[in-house]
Structure formats: C-alpha cells, structure tokens
Amino acid sequence: MGRKSSTSSNLTFEESDQDDALMKQIFDNVKDVPDKESPPDQTAEQSSPKKTRTIARTAVLRPDDELDLHGKTREEAIMMVQKFVADCYRNNFRTALIITGKGHHSAEQTPVLKREVKLWLERNAASYIRDFEEAPPRFGGSGAIWLNFK
C-alpha cells in the first residue's frame, strides 16, 4: 500500500457576528427551492386548468395517508380500500395514496389490483372522492393511485 501524503489547506474560518443572521436568511429561503419534479415555468396563457390542477397536486409533499396492498388478494384489497376511503373522508383528509404495485409478480403478470381498485373507485367512491389518478413518480407512479377527497 502506498502512503498518502497530507497537504495543509489554505482555507481559514473566521467567526462573525453576522453568522446567525446569514444562516437564518439561508434557511428562510430553502422553501423557495423548486421541487425536482416541478415542470418548467409556464405563463398563465400556456397552462390549461387541468394541467395547473395536476401541478398543484404533485407539489404536495406527502399524501395525508397511505394504504399498501402488496401481497393482498382481490377480495382483501377491496375490503381494505372500502375502509381506507371511508376513514380518510371521515378524517377530512385532502389526499391519500393507494399503493397497488405494478403487477410484475401476479399470476397474470399484469396489475390486477390496480384494475380492481380503479373499478371499485369509479363505481363506489364518488360520494367521497373528487377524483383519482396515477400517482406522481416519487409516490409510485403507475404502481399507485392518488386520491383527492371532496
């Protein structure tokens, strides 16, 4: 093994009475850092109402609650979704996430739970949810369903 040589650095650190004020200013501006999934800026004329609504949804830091259906049968999943949607609505949640998985390990090699959950939501959840859609990529993308409650 070779020996590593250490050279001294020309960096110096000085204490300042302004350090606290500078750090506060830096951390106050952290909220202004754009999310990595944010689309490029658009003028009001270029964006449609639907696109604006979708952008606002993806700007949410986290859903209010999540339900993971990995490993569940169709029947178990639907019973869990029924209870989950009712509980979220009762708790006045704005958003929720149902993780269905992408179906790579199912017998059909297709997303069975996703299809079944979507059908149940379309038929039964209109009094609870405003709409639902594929989750943003950071929340599972095509393997999850994002719910927006009334």
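The numbers here are math on the coordinates, done by the rules we state, and not lab data. All of these numbers come straight from a predicted model, not from anything done at the bench.
A few points about this structure:
- Extension gain from Arg115 to Asp64, taking 0.36 nm per residue of separation minus the Cα-Cα distance: 16.1 nm
- Taken along its three principal axes, the alpha carbon spread of the range 62-149 comes to 36, 27, 18 Å, from the longest extent down to the shortest.
- Measuring nothing but how far apart in sequence close Cα pairs (under 8 Å, 6+ apart) lie, relative to its length, the range 62-149 scores a relative contact order of 33 percent.
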